[in-house]
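The values are calculated or read from the model by the stated rules, or taken from the named source; none is laboratory data. Quick caveat: nothing in here was measured; it's all calculated off a predicted structure. Heads up, the Cβs are rebuilt from the backbone with ideal geometry, glycines too, and the neighbour counts pull from every protein chain shown. The accessibility values were calculated without ligands, DNA or RNA, using every heavy atom of the protein model including side chains. Shrake-Rupley method; radii C 1.70, N 1.55, O 1.52, S 1.80 Å.
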Amino acid sequence: MKLPPFEYACPATINEAVALLAGHGGEAKPLAGGQSLMPMMAFRIAQPSLLVDLRKLPGLKEIKIGADGVRLGALVRWRDILDDKRLDAAHPLLKEAISHVAHYQIRNRGTVGGSCAHADPASEMPGIAQTCEATFSVIGKAGARTIKAADFFQGALTTALKPDEIVTEIHLPAWPAQRRYGFQEFARRRGDFAMAGIALYYDVEGGKAANAHIGVFGVGDCQRRLPKAEAALNGHTVDDALAVKVGEAAAAEVEPQEDIHASSAYRRALTGTLAERALKAAAAR
Amino acid sequence: MTTKFEVNGKQVSVDVEPRLTLADCLRHELRLTGTHIGCEHGVCGACTVLVDGEAVRSCLILAVQAEGSKITTVEGLSSDADLSPLQKSFRKHHALQCGFCTPGFITTAHALLTEEPDCDADRVREVLSGNICRCTGYIGIVEAVLDARAAYKK
Ligand SMILES: Cc1cc2nc3c(=O)[nH]c(=O)nc-3n(C[C@H](O)[C@H](O)[C@H](O)COP(=O)(O)OP(=O)(O)OC[C@H]3O[C@@H](n4cnc5c(N)ncnc54)[C@H](O)[C@@H]3O)c2cc1C
Ligand code: FES
Ligand code: FES
């Protein structure tokens, strides 16, 4: 459908953008890549009175890599991540996950900030943010603050952001070179949203897995970590038998929804299988 | 809102409502009807155009967001004198039937081959997965794109 009417502004500074958002009493929305917001408006799921285009805001398009990890500006696009060779070492899990996001044309527009603010339960980026304990930097009328991923994502299409707040940066903590990781998702067609997905990593200490982080997306109303599956992995030698056990723990721990794409039982089984495969892939690296 | 951008090498100025998509602006304001509209919500790829050389869905961009950019539509990738190598390849491999999806495939394939003239069949399939063809089938299309690679090598 054609879009409902709205006003449009393209401010040059973050302060102006915040003032515009704050001045519209919750009826204004930031516009980043538009790859989720435009379809939402076409379906009348969203009907903002003002769109505040973020494209001219300075300093939000950079990928910074340092000793404390990777900092993604909110306007970094999927394409920028896939093109950045430094990320092969600085954050291979991020890179692998993003290779599953959407299609070629959408990757030229869609941004990390937009994806997290949109918070579709099946999106990869919020899954990585949760798994890796990312921190969000945001700026609003009340000033700047940081929000931990665990507090940022609150449910399907629901985040801790206030209507006048803009995400400026997503920080992923440093990635040790020896870290083992795996990423698995299942979608009917390449580029579609996943029916279920698992991102995981662990470090190896004295031959055993430690610091396990296992995140799930596409299952339940929000990306989240799976502490019981993590406990089943920590302190153990990783082999095929352990991968099966961790997969079972993951399957037992999720609360899958039922929809036109899959039944709840199917999603639960899929979660277990994907966790098992992801762990096997991690061990084989 | 008055918005200026370049289309197929020509500077244009349009006066449009913010809600007008770039796809509708191209078709209705600029009469460039080569860009097709299938779904209007980003799933079919028929509306693909190049913005500053990158393939994007023109139904998911507002015309006012195109301010200052260089747009190339399927009309800009052909000339009246002769078919382009990519067009010839589509013809040779029977990569179109009704032609509805073809502008989206041509613009997408052109962007891909310009950036990655050495891409393999897997990569072609991955990139074209964002475009839907409901009548020809994809095998001919993939073959046409692979066969056109030579014309893009420097
Ligand atoms: C056909 C199709 C398939 C797709 N498949 C996938 C997929 O497999 N996986 C996946 O993850 N995504 C997928 N997407 C979504 C795509 O990745 C989106 O680009 C992304 O989710 C949103 O990013 P955006 O920059 O386009 O945000 P926009 O659409 O511009 O904005 C989305 C929301 O975030 C808000 N927002 C944007 N930026 C900010 C900011 N900096 N601060 C605060 N709020 C902000 C907006 O107000 C809006 O509410 C798909 C999209 C389409 C059309
Ligand atoms: S019309 Fe734009 S993707 Fe279908
Ligand atoms: S040629 Fe008819 S839809 Fe592709």
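State whether the residues of region A:240-263 include one that is of a type in the set (Gly, Ala, Ser), open to solvent by less than 30 Å² (accessible area, probe 1.4 Å) and assigned to a loop (DSSP other than H, G, I, E, B).
Taking region A:240-263 first, the residues of a type in the set (Gly, Ala, Ser) are A:241, A:243, A:247, A:249-252, A:262-263.
Those left that are additionally open to solvent by less than 30 Å² (accessible area, probe 1.4 Å): A:243, A:247, A:249-251, A:262.
Still in the list and also assigned to a loop (DSSP other than H, G, I, E, B): A:262.
Within region A:240-263, one or more residues are of a type in the set (Gly, Ala, Ser), open to solvent by less than 30 Å² (accessible area, probe 1.4 Å) and assigned to a loop (DSSP other than H, G, I, E, B).
Go through region B:29-52 and report how many residues are within 16 Å of ligand 1 (Cβ to nearest atom) and assigned to a loop (DSSP other than H, G, I, E, B). Can you show your working first?
Of all residues in region B:29-52, those within 16 Å of ligand 1 (Cβ to nearest atom) come to B:37-49, B:51.
Restricting the remaining residues to those that are assigned to a loop (DSSP other than H, G, I, E, B) gives B:37-47.
Total satisfying the criteria: 11.
Could you tell me whether region B:52-64 includes any residue that is more than 14 Å from ligand 2 (Cβ to nearest atom), in the same structural domain as residue B:20 (by TED's automatic domain parsing) and surrounded by fewer than 16 Cβ atoms within 10 Å (Cβ to Cβ)?
There is at least one residue in region B:52-64 that is more than 14 Å from ligand 2 (Cβ to nearest atom), in the same structural domain as residue B:20 (by TED's automatic domain parsing) and surrounded by fewer than 16 Cβ atoms within 10 Å (Cβ to Cβ).
Residue under question is residue B:128, and the condition is that it be within 11 Å of another protein chain (Cβ to nearest Cβ), under 18 Å from residue B:53 (Cα atoms) and not basic (Lys, Arg); does it hold?
Numbers: within 11 Å of another protein chain (Cβ to nearest Cβ): yes; under 18 Å from residue B:53 (Cα atoms): yes; not basic (Lys, Arg): yes.
Taking the combined requirement at face value, the residue satisfies it.
Is it the case that residue A:109 is over 14 Å from the mean Cα position of the chain (by Cα), open to solvent by 40 Å² or more (accessible area, probe 1.4 Å) and basic (Lys, Arg)? Walk me through it before giving the result.
Numbers: over 14 Å from the mean Cα position of the chain (by Cα): yes; open to solvent by 40 Å² or more (accessible area, probe 1.4 Å): yes; basic (Lys, Arg): yes.
Yes, satisfied.
Select from region B:120-139 the residues that are buried (at least 18 other Cβ atoms within 10 Å of the Cβ) and away from ligand 2 (no atom under 16 Å from the Cβ) and list them in ascending order.
Within region B:120-139, B:124, B:136 qualify.
Quick check, is residue B:7 aliphatic (A, V, I, L, M), under 24 Å from residue A:193 (Cβ atoms) and either open to solvent by less than 10 Å² (accessible area, probe 1.4 Å) or not assigned by TED's automatic domain parsing to the domain that holds residue B:110 (or both)? If you could, list the steps in order and put the result at the bottom.
On the way: aliphatic (A, V, I, L, M): yes; under 24 Å from residue A:193 (Cβ atoms): no; either open to solvent by less than 10 Å² (accessible area, probe 1.4 Å) or not assigned by TED's automatic domain parsing to the domain that holds residue B:110 (or both): yes.
So residue B:7 fails the test.
Among the residues of region A:69-78, are any open to solvent by less than 20 Å² (accessible area, probe 1.4 Å) and within 14 Å of chain B (Cβ to nearest Cβ)? I'd like the intermediate steps shown before the answer.
Narrowing region A:69-78 to residues open to solvent by less than 20 Å² (accessible area, probe 1.4 Å): A:69-70, A:72-76, A:78.
From what's left, within 14 Å of chain B (Cβ to nearest Cβ): A:75, A:78.
Scanning region A:69-78, I find at least one residue that is open to solvent by less than 20 Å² (accessible area, probe 1.4 Å) and within 14 Å of chain B (Cβ to nearest Cβ), so the answer is yes.
Residue by residue through region B:112-144, note down the ones that are over 18 Å from residue A:100 (Cα atoms) and within 14 Å of ligand 3 (Cβ to nearest atom).
Matches in region B:112-144: B:132, B:133, B:134, B:135, B:136, B:137, B:138, B:139, B:140, B:141, B:142, B:144.
I need a count of the residues in region B:7-23 that are part of a loop (DSSP other than H, G, I, E, B) and out of contact with any helix residue (DSSP H, G or I) (no Cβ under 6 Å at 6 or more places or on another chain). Working first, answer last.
Let us first name the residues in region B:7-23 that are part of a loop (DSSP other than H, G, I, E, B), namely B:8-9, B:16-20.
So of that shortlist, the ones also out of contact with any helix residue (DSSP H, G or I) (no Cβ under 6 Å at 6 or more places or on another chain) come out as B:9, B:17, B:19.
Of the residues in region B:7-23, 3 are part of a loop (DSSP other than H, G, I, E, B) and out of contact with any helix residue (DSSP H, G or I) (no Cβ under 6 Å at 6 or more places or on another chain).
How about region A:43-59: which of its residues are surrounded by 22 or more Cβ atoms within 10 Å (Cβ to Cβ) and more than 10 Å from chain B (Cβ to nearest Cβ)? Write out each step before concluding.
The first filter runs over region A:43-59 and keeps only residues surrounded by 22 or more Cβ atoms within 10 Å (Cβ to Cβ), leaving A:51-52, A:54, A:57.
Passing the criteria: A:52, A:54, A:57.
Given the options A:96, A:124, name the one that is more than 14 Å from every other protein chain (Cβ to nearest Cβ), surrounded by 24 or more Cβ atoms within 10 Å (Cβ to Cβ) and more than 17 Å from residue A:151 (Cα to Cα). Give the steps one after another, and end with the answer.
Values: A:96 fails: surrounded by 24 or more Cβ atoms within 10 Å (Cβ to Cβ).
Just a single option satisfies the conditions, and that option is A:124.
Suppose the filter is crowded, with 19+ Cβ neighbours inside 10 Å, more than 9 Å from chain A (Cβ to nearest Cβ) and in a strand (DSSP E or B); does residue B:26 pass it?
Details: crowded, with 19+ Cβ neighbours inside 10 Å: yes; more than 9 Å from chain A (Cβ to nearest Cβ): yes; in a strand (DSSP E or B): no.
No; evaluated as a whole, the condition is false for this residue.
Taking region A:18-33 only, how many residues are in a strand (DSSP E or B) and open to solvent by 60 Å² or more (accessible area, probe 1.4 Å)?
First, the residues of region A:18-33 that are in a strand (DSSP E or B): A:28-31.
Narrowing further to those that are open to solvent by 60 Å² or more (accessible area, probe 1.4 Å): A:29.
Of the residues in region A:18-33, 1 are in a strand (DSSP E or B) and open to solvent by 60 Å² or more (accessible area, probe 1.4 Å).
State all residues of region B:16-44 that are more than 15 Å from ligand 3 (Cβ to nearest atom) and of a type in the set (Gly, Ala, Ser); if no residue qualifies, say none.
Result: B:23, B:42.
List pairs: first residue in region A:264-285 and within 18 Å of residue A:208 (Cα to Cα), second residue surrounded by fewer than 22 Cβ atoms within 10 Å (Cβ to Cβ) anywhere in the structure, Cβ distance under 6 angstrom, at least six positions apart or on different chains.
From region A:264-285, the pairs are A:276/A:243; A:276/A:244; A:279/A:243; A:280/A:243; A:282/A:180; A:283/A:238; A:285/A:180.
Which one is farthest from the other protein chains (Cβ to nearest Cβ), of the residues in region A:3-18 that are more than 24 Å from residue A:44 (Cβ to Cβ) and without any contact (Cβ under 8 Å) to a residue 24 or more places away in the chain?
Checking each candidate, the answer is A:15.
Mind listing whichever residues of region B:79-103 are open to solvent by less than 50 Å² (accessible area, probe 1.4 Å) and more than 16 Å from ligand 1 (Cβ to nearest atom)?
Narrowing region B:79-103 to residues open to solvent by less than 50 Å² (accessible area, probe 1.4 Å): B:84, B:86-87, B:89-90, B:93, B:95, B:99, B:101-103.
Answer for region B:79-103, where residues must be open to solvent by less than 50 Å² (accessible area, probe 1.4 Å) and more than 16 Å from ligand 1 (Cβ to nearest atom): B:84, B:86, B:87, B:89, B:90, B:93, B:95, B:99, B:102, B:103.
Just for region A:19-42: of the residues that are facing another protein chain (nearest Cβ under 7 Å) and in contact (Cβ under 8 Å) with a residue 12 or more places away in the chain, which one is farthest from residue B:66 (Cα to Cα)? If you could, list the steps in order and put the result at the bottom.
Step one: of region A:19-42, the residues facing another protein chain (nearest Cβ under 7 Å) are A:34-35, A:38-39, A:42.
Filter once more, keeping what is in contact (Cβ under 8 Å) with a residue 12 or more places away in the chain: A:34-35, A:38, A:42.
Working: A:34: 13, A:35: 15, A:38: 15, A:42: 19 Å.
Top of the filtered list is A:42.
Can you confirm whether residue A:269 is out of contact with any Leu (no Cβ under 6 Å at 6 or more places or on another chain), surrounded by 20 or more Cβ atoms within 10 Å (Cβ to Cβ) and not β-branched (Val, Ile, Thr)? Steps first, please.
Numbers: out of contact with any Leu (no Cβ under 6 Å at 6 or more places or on another chain): yes; surrounded by 20 or more Cβ atoms within 10 Å (Cβ to Cβ): no; not β-branched (Val, Ile, Thr): yes.
Spelling it out, it is not the case that residue A:269 is out of contact with any Leu (no Cβ under 6 Å at 6 or more places or on another chain), surrounded by 20 or more Cβ atoms within 10 Å (Cβ to Cβ) and not β-branched (Val, Ile, Thr).
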